[in-house]
Amino acid sequence: MGTTYANGAHAKATRDDLLQYYRDMLLIRRFEERAGQLYGMGLIGGFCHLYIGQEAVVVGMQAALKPGDQVITAYRDHGHMLATGMDPNAIMAELTGRSDGCSKGKGGSMHMFSTEKAFYGGHGIVGAQVSLGTGLAFANRYRDDAKVCVTYFGDGAANQGQVYESFNMASLWKLPVVYIVENNQYAMGTAIQRSSSETHLHRRGISFNIPGEEVDGMDVVAVREAGLRAAEHARSGKGPILLEMKTYRYRGHSMSDPAKYRTKEEVEEMKARHDPIEHVKKLLIDGGHATEDSLKDIDREIRAVVTASAEFAQASPEPDPRELMTDVYL
Amino acid sequence: MTQILMPALSPTMEEGNLAKWLIKPGDKVEPGQVIAEIETDKATMEVEAVDEGVVSELLVAEGAQGVKVNTPIAVLKGEGGTQPEMSVPPPSARQPARPPTPASPPQGGREEDPEVPAGTTFVKITVRDALRDAMAEEMRRDPDVFLMGEEVAQYQGAYKVSRELLQEFGDKRVVDTPITEHGFAGLGVGAAMAGLKPIVEFMTWNFAMQAIDQIINSAAKTLYMSGGQIKSSIVFRGPNGAAARVAAQHSQDYSSWYAHVPGLIVIAPYDAADAKGLLKSAIRNPNPVVFLEHEMLYGTEFEIPDVKDWLVPIGKAKIRRPGADVTITAHSRMVGLALKAAEHLAGEGIDAEVIDLRTLRPLDTATIIGSVKKTNRLVTVEEGWGQSGVGAEVCARVTSEAFDYLDAPPTRVHQVDAPLAYAANLEALALPSVEKIVEAVKAVTYR
Ligand SMILES: Cc1ncc(C[n+]2csc(CCOP(=O)(O)OP(=O)(O)O)c2C)c(N)n1
Ligand SMILES: [Mg+2]
């Protein structure tokens, strides 16, 4: 049986921490809203999965990492990239499929990468990134470089076989990987109770001796605290650890999902009572760290960044036709 | 002032209906607020505001049908003091960002079809509904037939191909699976070994790569390995090939992959009549069948014979357009492109014969050879890559069986030898097109 961490008391986040998290989460929210708008205008094509509602997970986790730690996730990746500090202009230009995009326009919404920020994608096949993340951790152990790989996957992905094949190897070989299951309670139109015999996903590592913990994924500070413990566990040679982030996506699965499988009240309740950004806003104002007005200034700054990224993404030219045949081989 | 535009709500949407306004002039709106409901061919979607402001005008009335994407539908006056909104150029000034979706197939005169009894009436139906009807009819006919896959039941299918099947057949026979392709494909084969007749839907064939071991190692080979004792009457189906702008991992054509494998039957229909008739035949067939559909054809309407039990034989190609000068072979969506190319070529005095392969394994070599003996020229068209492709196989058979009849080297049209890019211009450059087919035909006819 794996150890189960108790959810520790809220460590006090400093004023600067909270302001940073507010800013980082707001950037993701506004960026995603703009991406949704550009999609509606036909400037973004294909599939586009927005991260709105889940912002606290990546922002809290990123705050728990050290430079060089790797991040890998699936197709709902815009938030993860912004959290690692990738340039919003390059992300938005990838969304519009232009030459200044971080994959030169060849990857699109689901396939972006940054070696500089140790972000390894951006993967479209549900579950595949879990084995890849385990391999990144294998390389860390091989090199003994004290890096940890944070491997994100969804509640739906948690039913793919390769997740468990990876869990077994990671635990057997004590690989420095932090598995984060972002349990937003739906995989497309399938509520977790309809797909999973064990819905407490943090228990999914038990038979591999992987400790697990359930975390309030709408609370950025709780995420950071759990992330710090988990990263320390993995870094210290104790092997993998699994955090289940209880979270929620506000929008449909992708832009074309009407999301008729859940009630309006359920969504409204999450937005009204559990919104991760409103939560930090309240901590800031109640703690006397900020005022409505000072936060409005941040809002305005973020809006300007996002507007600029959208303009950049529309002005950037399409890739040169010669790019068609480059990057197939080295 | 900000214009709210008719949004595109799916990769392939070009127009929609404004089902309902939830705002009126004078209302204040905030980002995230639901302002309208819009109907697409697949669903009714809520549209949220991105900008804040006060509604000054609704430009499109509630109930309006066929509103083109990017038409202004409302005007917002921004609140004083907010950030300037991104300026939106008028729709006419904007470049279309997505490649033009293929227009509807040529609907010229319906050619005589020996499969259709004389005096038959025809009805219009989309490929999506034809597939649905095929499954429904076979499920009514045989209680051992059931459908299984991701989102097939409660969600009514990710692409709405299984619409209303749950309502008619219940959750015993229309089964939502977890996302676990390798597992449920294997489970399906096991159920087939026990005598049931599963239809396993892959949300797209891209995800069947997770399951390809069970399709090939278990479904295709067990009859042989058991000396004929264990059969698997199972259909694996779903959309195959490139949709619009969904990038490399979601845009692959598996035709030649499965056509390579003895023990499998591989079908890739083009129109609604074949989709329905071949799917019904596939469900009744005692062998494992790989049934490759195309998302870009799901919404296309075709005429289909209005007969009670419409079956199309497996293993028979169809001459879609008779011609004397050149043979063009194609399957699935490429048939539409080949027919367009043939129309264009007719204008230039080249009379092309278009053969819809329909079944890729067993391949109807006789029809192809018969045609080439008449036209003496061959162009093959497929959406996938060239190397070891369907076209390569057709060319090999033609050169070995009709070598003396050829007046030009056979030519293949296929996707360029690279993963499919997301960028609209690169995507268009990579895939076969009417122009590329016309060009290839001119090359083999020395025009
Ligand atoms: C192997 C595979 N099967 C199916 C799909 C189609 N698909 C894309 S996302 C998705 C749902 C995944 O849900 P979850 O893991 O909970 O992640 P979330 O979308 O909630 O972030 C499905 C079925 C896919 N991309 N890959
Ligand atoms: Mg989920």
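The values are calculated or read from the model by the stated rules, or taken from the named source; none is laboratory data. Not measured: the values here are computed from a predicted model. So basically every Cβ, Gly included, is an ideal-geometry build from the backbone, and we count neighbours across all protein chains shown. SASA here: full protein model, heavy atoms, side chains in, ligands and nucleic acids out. Shrake-Rupley method; radii C 1.70, N 1.55, O 1.52, S 1.80 Å.
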Residues in the range A:144-165 occluded by at least 30 Å² - accessible area, probe radius 1.4 Å, against chain by itself: A:Asn159, A:Gln160
Listed pairs A:Lys117/A:Lys147; B:Lys221/B:Lys276; A:Lys281/B:Lys77; B:Lys280/B:Lys373 exceeding 23 Å between Cα atoms: B:Lys221/B:Lys276; A:Lys281/B:Lys77; B:Lys280/B:Lys373
Rounded to the nearest 5, the percent of antiparallel DSSP beta bridges in the protein assembly as shown equals 40 percent
Relative contact order of chain B, please, whole-number percent, based on alpha carbon pairs below 8 angstrom and at least 6 residues apart. 12 percent
Where the range B:318-444 is the region considered: accessible area per residue in Å², 1.4 Å probe: 35 Å²
Kirkwood hydrodynamic radius for the protein assembly as shown: how many Å is it when counted over pairs of different Cα atoms? 27.8 Å
Against the rule of thumb 2.2 N^0.38 Å, how large the Cα Rg of chain A comes out: 0.96
Within the range A:120-195, chymotrypsin sites (Phe, Trp or Tyr not before Pro) in DSSP loop having at most 15 other beta-carbon neighbours inside 10 Å: A:Trp173
Nearest-0.05 FRET efficiency for A:Ala315 and B:Ala346 at R0 = 41 Å, using Cβ-Cβ distance, is 0.40
Give the separation of the Cα centroids, the range B:394-447 to the range B:212-241, in Å. 31 Å
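Please give the total accessible area that chains A and B bury against each other, computed with a 1.4 Å probe and expressed in Å² to the nearest 100.
For A against B, buried area totals roughly 4900 Å².
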Short version: ³J(HN,Hα) in whole Hz for each residue of the range A:237-254, in order, from phi by Karplus 6.51 cos²θ - 1.76 cosθ + 1.60 (θ = phi - 60°), x for Gly and Pro, what are they? x, 7, x, x, 8, 10, 10, 9, 8, 7, 9, 7, 9, 7, 8, x, 3, 9
Listed residues B:Gln229, B:Gln210, B:Gln156; largest mean-square fluctuation, Gaussian network over chain B with Cα springs below 10 Å, found at B:Gln229
Shielding score for A:30-43, defined as the mean number of other chain Cβ atoms within 10 Å: 6
So, for the range B:2-83, what is the accessible surface per residue at a probe of 1.4 Å, expressed in square angstrom? 42 Å²
Can you give the average number of partner chain beta-carbon atoms within 10 Å of each beta-carbon in peptide A:316-322, as a whole number? 3
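All other residues with a Cβ under 10 Å from the Cβ of B:Ala272 taken together, and with Lys, Arg as +1 and Asp, Glu as -1, what is their net charge? It would help to have the intermediate numbers written out before the result.
On the way: positive: B:Lys124, B:Arg128, B:Lys276; negative: B:Asp129, B:Asp133, B:Asp271, B:Asp274, B:Glu301, B:Glu303.
Computed value for this residue: -3.
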Gap separating the Cα centres of the range A:190-236 and the range A:88-147, nearest whole Å: 22 Å
MRE, 222 nm, helices only [DSSP H, n ≥ 4, -39500 (n - 2.57), over chain B, to nearest 500]: -7000 deg cm²/dmol
Counting only DSSP beta bridges fully inside chain A, the antiparallel percentage to nearest 5 is 10 percent
Anyone know which of B:Pro239, B:Pro25, B:Pro362 comes out most mobile in the 10 Å Cα GNM of chain B? B:Pro25
Just for chain B, what percent of DSSP beta bridges are antiparallel, to the closest 5? 50 percent
Tell me, what % of the accessible area of chain B is carbon and sulfur with a 1.4 angstrom probe? 52 percent
Tell me which GluC sites (Glu not before Pro) from the range B:300-380 have a DSSP coil assignment and no more than 14 other beta carbons within 10 Å of their own. B:Glu348
With each label point set 7 Å from Cα along the Cα-Cβ vector, what nm distance links B:Gln229 and A:Asn209? 4.1 nm
Spin-label point model (7 Å from Cα, Cβ direction): what's the B:Glu115 to A:Thr115 distance in nm? 5.2 nm
Principal-axis tilt of helix B:434-444 within chain B, Cα atoms, nearest 10 degrees: 30 degrees
Expressed as cubic angstrom per residue, what is the convex hull volume of the alpha carbon set of the range B:2-83? 81 Å³
Over chain A: helical MRE at 222 nm, DSSP H runs n ≥ 4 each giving -39500 (n - 2.57), nearest 500: -13500 deg cm²/dmol
For A:Thr291 paired with B:Ala408, estimate the spin-label separation in nm (one decimal), with each label point 7 Å from Cα along the Cα-to-Cβ line. 7.9 nm
Neighbour-limited loop hits for GluC sites (Glu not before Pro), the range B:22-53 (at most 13 other Cβ within 10 Å; DSSP other than H, G, I, E, B): none
Can you tell me which of A:Thr151, A:Thr263, A:Thr307 moves the most in a GNM of chain A? Springs connect C-alpha atoms under 10 Å apart. A:Thr263
Surface per residue (accessible, 1.4 Å probe) for the range A:13-313, Å²: 34 Å²
In the range A:188-234, what residues drop by 40 Å² or more of accessible area when the other protein chains are put back, versus the chain on its own? Use 1.4 Å, and skip ligands and nucleic acids. A:Met188, A:Arg194
Please state the shape class of the range A:97-254: rounded when a/c is under 1.5, otherwise prolate if a/b exceeds b/c and oblate if not, all from the C-alpha gyration tensor. oblate
Quick check on the range A:1-155: take the gyration tensor over C-alpha atoms, sort the square-rooted eigenvalues as a ≥ b ≥ c, and tell me if it's rounded (a/c under 1.5), prolate or oblate. oblate
Efficiency by 1/(1 + (r/R0)^6): what FRET value for B:Tyr446 and B:Asn217, r their Cβ-Cβ distance, R0 = 41 Å, to the nearest 0.05? 0.30
Amide H partners (placed H, <5 Å) of B:Thr329, local residues excluded: B:Ile355, B:Val379, B:Thr380, B:Val381
Using Cα atoms only, what is the angle between the long axis of helix B:365-375 and the major principal axis of chain B, expressed in degrees (0 to 90) to the nearest 10? 90 degrees
Everything considered on the Cα gyration tensor (a ≥ b ≥ c; rounded for a/c under 1.5, else prolate if a/b is larger than b/c, else oblate), the range A:257-328 must be described as oblate
So the angle from the long Cα axis of helix B:334-347 to the longest Cα principal axis of chain B, reported in degrees to the nearest 10, equals 90 degrees
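Thinking of chain B as a set of Cα atoms, what percent of all their pairs are more than 30 Å apart?
Values: 49904 of 99681 pairs.
For chain B, the share of Cα pairs beyond 30 Å comes to 50 percent.
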Average beta carbon contacts from partner chains per residue of B:65-75, 10 Å cutoff: 1
